[in-house]
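Here the structure comes first, spelled out in C-alpha cells, and everything after it is commentary.
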Amino acid sequence: MDYTAQLDAALQRLHDEGRYRTFIDIERKRGNFPHAVWNRPDGSQTPVTVWCGNDYLGMGQKAVVLDAMHEALDATGSGSGGTRNISGTTVYHKRLEAELADLHQKEAALLFTSAYIANDATLSTLPKLFPGLIIYSDALNHASMIEGVRRNGGAKRIFRHNDVEHLRELIEADDPAAPKLIAFESVYSMDGDFGPIEAICDLADEFGALTYIDEVHAVGMYGPRGAGVAERDNLMHRLDIINGTLAKAYGVMGGYIAASAKMCDAIRSYAPGFIFTTSLPPAVAAGAAASVRHLKTDQELRDQHQTQAKILKTRLKGMGLPIIDHGSHIVPLIVGDPVHTKMMSDMLLDQYGIYVQPINFPTVPRGTERLRFTPSPVHGPGEMDALVKALDALWSHCALNRAELSA
C-alpha cells in the first residue's frame, strides 16, 4: 500500500468539503485579553480580537489565579512527577478536589487532566462497577461522552435530543431490574440550549436510574456560586455524577467529576484513564483552585457575562442575521455551508482582525455550519461595535457569493 497516497487522499477529502481545520497561531497578551497578536504564515504580526475563546469570564488573566500559580510553581517546580497513585498527589490536588466537592455540594470530587478524559474514563468504567448497566445517552452529547459510552462494552440507548418522552419509551422497553444511567448535558455548546434536568431527574427517580450530567459549559457561569445550571435550578442534590471543566470559565486546565465518596473512590480505583495518567502540574491545580474559590462569590462577573451575550444577540437579531438564541451565553451564527463559513472566518481575520473559528461537520450536522461567538465581560463596546460592523459588511458579500455559486 502507498501509505503517503492514502494520507494525501484523506486530507484532500477534507479540503474538498471545506472541512480542513487550520490552526491560527495567536499570542495572548497578559492583561490585554481579548486582544491578541496573530502570527501570520509570512512571519508578520497582526493585532486581533478573539471572539471564539472558551475563557468565558477572562479568568485566565486574573491576578488571583496567576498569583496562586506563581506561588505553587516557586514552591514545587513545574510538573507533578507522576500519576496520582505514584508521587503525583500533592496538597494542591487535594485542595482543588475539596473546592470542587464543596462547589457541587457532593461528598467528593475526582480530578482528571481534562473534562474529555473525565467523561471518557468515567462512562467507560461504570459498567465494570454495575454489571449489565444500560446507558441512555442524549443524541447531541459531547464527543467525549459518546466515546466513553461506546468504549465501555455495555448496552447503550440513544434518545432524541432533549426528548424526555423518547427517553421514557426506551427505558420502558428495557428490563426493569437492569441497572440504568442517563447521561446528558446542562448546556449544549453548539446551539446553546439547555437540557431538561428536572424532567430527566423525575424519570430517573421513577425508574431507579443514576444520573450523569456534563456541566462543562455552565460551571463558573450559572448558579449563585457558579456550580452550573443544576445549582441555578436547585437540582444538584438529584444528580449522582456531575462532570465539569477547569479550562473554560475557570480559565486554567483540567476536568473532574463530583459525586459520592464511594463513587469517586470506585472510579479512582478502576478507571485506566485516571490510574495511568500523570496528574496535573501543581501550579495548574493551584490556579484552578483559586479560580473556583474566587467565582463562588463573584456574581457580578457572571452577570456581566450574561449581559454581554444578550447585547450581542440583540444586535445581531436586529441586523436580521440567523442566530440561535436559547437564552444561554453561546451565540451561534448559522452560515449553513462549510466553504462559506470558512470564507467568512478568513475574511473576518484577514480584513477586520476578528478571530472566530468556523465550526463544521462532524461537530455540527451538515447544513448547519456556523460561526460561534463567545462574548465575555472583557469584550467592551468598542470590540462589540467592530464585530457587528464587520458582520454587517461581510454577510451581504458572502450571500452574494452563495448566489453566484448556486447559479
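For the chain, give the percent of accessible area contributed by carbon and sulfur heavy atoms, probe 1.4 Å, rounded to a whole number.
Heavy-atom surface of the chain belonging to carbon and sulfur, 1.4 Å probe: 54 percent.
Please go through the residue pairs Lys248/Lys310; Lys62/Lys317; Lys180/Lys262 and name each one whose alpha carbons sit more than 28 Å apart in this structure.
Lys62/Lys317
With label points built 7 Å along Cα→Cβ from the Cα atoms of Gln306 and Arg160, find their separation and express it in nm.
Those two pseudo-labels are separated by 3.1 nm.
Solvent-accessible area of Arg366, probe 1.4 Å, all protein chains present, reported in Å² to the nearest ten, please.
Only protein atoms counted, so the area is about 140 Å².
Is there a quick way to get the dipole size of the chain? I mean about its Cα centre, with the Cβ of Lys and Arg at +1 and of Asp and Glu at -1; what is the value in debye to the nearest 20?
Once rounded to the nearest 20, the dipole reads 540 debye.
Name the GluC sites (Glu not before Pro) in region 58-135 that are in a loop by DSSP and that have at most 14 other C-beta atoms within 10 Å, would you?
Glu107
Any chance you could give the angle, 0 to 90 degrees and rounded to 10, that helix 299-318 forms with the longest Cα principal axis of the chain?
Relative to the chain, helix 299-318 is tipped by roughly 40 degrees.
If each of Thr4 and Thr314 carries a label point 7 Å out from its Cα toward its Cβ, how far apart are those two points in nm?
In this crude spin-label approximation the distance works out to 5.9 nm.
Between Leu129, Leu312, Leu203, where does the largest GNM mean-square fluctuation fall for the chain, given springs only between Cα atoms within less than 10 Å?
Result: Leu129 has the largest fluctuation of those listed.
What accessible area per residue, rounded to a whole number of Å², is obtained for region 181-301 using a probe radius of 1.4 Å?
For region 181-301, the solvent-accessible area averages 30 Å² per residue.
Quick one: ranking Leu7, Leu140 by accessible area, 1.4 Å probe, largest first, what do you get?
Leu7, Leu140
In region 227-334, if the dipole is taken from +1 on Lys/Arg beta carbons and -1 on Asp/Glu beta carbons about the Cα centre, which of Pro322, Met236, Thr278 is farthest to the positive end?
Checked the options; the winner is Pro322.
Highest mean first, what order results for 385-391, 239-245 on Cβ atoms within 10 Å?
239-245, 385-391
If the only charges are +1 at each Lys and Arg Cβ and -1 at each Asp and Glu Cβ, what is the size of the charge dipole of region 42-154 around the Cα centre, to the nearest 20 debye?
460
Can you tell me the 0 to 90 degree angle between the C-alpha axis of helix 63-76 and the longest principal axis of the chain, rounded to 10?
Its long axis makes an angle of about 60 degrees.
Could you tell me which chymotrypsin sites (Phe, Trp or Tyr not before Pro) in region 1-78 are loop residues by DSSP with no more than 10 other beta carbons within 10 angstrom of their beta carbon?
Filter output for region 1-78: Phe23.
Name the shape class, rounded, prolate or oblate, that the alpha-carbon gyration tensor gives for region 1-142, where a ≥ b ≥ c are the square roots of its eigenvalues, rounded holds for a/c under 1.5, and otherwise prolate holds if a/b is larger than b/c and oblate otherwise.
Verdict is oblate for region 1-142.
If I model a spin label at Asp25 and Arg150 as a point 7 Å from the Cα along the Cα→Cβ vector, what separation in nanometres do I get?
3.3
The values are calculated or read from the model by the stated rules, or taken from the named source; none is laboratory data. Note that this is a predicted model, so its numbers are computed, not measured. Note that each Cβ is placed from the backbone with ideal geometry, even for glycine, and that neighbours are counted across all protein chains shown. Surface accessibility is based on the protein's heavy atoms, side chains included, excluding ligands, DNA and RNA. Shrake-Rupley method; radii C 1.70, N 1.55, O 1.52, S 1.80 Å.
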